[in-house]
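Here's the structure, in structure tokens; my notes come after.
The values are calculated or read from the model by the stated rules, or taken from the named source; none is laboratory data. This is a predicted model, so every value here is computed, not measured. Counting neighbours? That spans all protein chains shown, and the Cβs are built from the backbone with ideal geometry, glycine included. Just the protein is used for accessible areas: all its heavy atoms, side chains included, with ligands, DNA and RNA removed. Shrake-Rupley method; radii C 1.70, N 1.55, O 1.52, S 1.80 Å.
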Amino acid sequence: MTRVSSLLEVERLSRQFGSGRSAVLAVKDVSFSVAPGEIVAVVGESGSGKSTLARLILRLLPPTSGTIRFAGLGEITRLRGRALRHYWQQVQAIFQDPFSTFNQFLTVRRLLERSLGIVDNPPRGADRECAIAQALQSVGLEPSDVLPKWPHQLSGGQRQRVMIARALLLQPKLVIADEPTSMLDASLRVTVLNLLADLRQRGSSVLFITHDLGQAFYLADRLLVMYQGEIVERGPVEAVLRSPRHPYTQRLLADVPRLGDGRPTARPADGPIRLVQRRPSGG
């Protein structure tokens, strides 16, 4: 499973909540890797353990067992102080609800300036202003329009793009996107997916967590299917969706809405359901 070129290596990771008869094993013996410049999708329904897995990798939760290794930093559960800050600079998150992650008492300018505080040598003065402006412009936002505003004054799409800009400011090697489009209307979803895909051109890898097979097909190189805390199927995204082997993957695919007579099949003859045209991987 582990490759020499891996950026992230997760080995036999588990997380238990509670104890005794009330214990719940939310993540069970999960192992996978993410290579530099790769987009890996973790797909599963609500309660499958996807978000818990993201929080474990982000060091927001401690694992019950298993290891998480990051290139150049080793086992990340042992990191403390400056080493942990360095890890958080290299691994950034885009959450489902950006509004709940922003300090409502800070303007967008102050939010972005504070994010630079975890960098060892943050830019200052004109260099800081330039970095913030470039990050906002890269996600299609006009700095003069959004910088003076408070989070509640932004639309849902603007808040999500500000969160992506905040991640870009730190030039991370890995971005963990946990259901980043679920609170957006259809007109903005492809925009956000394209922003995530463009992270590859900036040298970042993406761990894309979603319940939507169509979005995974559009964006990802590889697919991990998660069910009741376990990875039950994995492989190149087109191969998994063309010929799903596990009954759970087949059921997920059968539940995808499609045009036609309304009678879904688990394995359509013409391949996976293409809700949107697949985006080229771009090397």
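Key figures
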{"read-out": "Residues that are among the β-branched types (Val, Ile, Thr) and in a strand (DSSP E or B), drawn from the stretch 21-69", "value": "Val24, Val27, Val30, Val34, Ile39, Val40, Val42, Val43, Thr67, Ile68"}
{"read-out": "Members of the stretch 67-87 found to be within 20 Å of Ser31 (Cα to Cα), open to solvent by 30 Å² or more (accessible area, probe 1.4 Å) and touching a residue at least 12 places away in the same chain (Cβ under 8 Å), listed by number", "value": "Thr67, Arg69, Ala71, Leu73, Thr77"}
{"read-out": "Among the candidates Gln160, Gln171, residue that is out of contact with any His (no Cβ under 6 Å at 6 or more places or on another chain), of a type outside the set (D, E, K, R), within 15 Å of Gln92 (Cβ to Cβ) and crowded, with 17+ Cβ neighbours inside 10 Å", "value": "Gln160"}
{"read-out": "Residue identified as part of a strand (DSSP E or B) and modelled with pLDDT under 95 among Ala93, Ala131", "value": "Ala93"}
{"read-out": "Restricting the stretch 134-150 to residues that are at pLDDT 90 or above and closer than 23 Å to Val91 by Cβ, the residue that is surrounded by the most Cβ atoms within 10 Å (Cβ to Cβ)", "value": "Leu136"}
{"read-out": "Residues within the stretch 32-48 that are small (Gly, Ala, Ser), under 14 Å from the mean Cα position of the chain (by Cα) and open to solvent by 10 Å² or more (accessible area, probe 1.4 Å), tallied", "value": "1"}
{"read-out": "Filter pass, Thr52 being touching an Asp or Glu at 6+ places or on another chain (Cβ under 6 Å) and either of a type in the set (Val, Ile, Thr) or surrounded by fewer than 20 Cβ atoms within 10 Å (Cβ to Cβ) (or both)", "value": "no"}
{"read-out": "Subset tally (residues that are open to solvent by less than 10 Å² (accessible area, probe 1.4 Å) and either β-branched (Val, Ile, Thr) or within 20 Å of Gly47 (Cβ to Cβ) (or both)) for the stretch 214-238", "value": "7"}
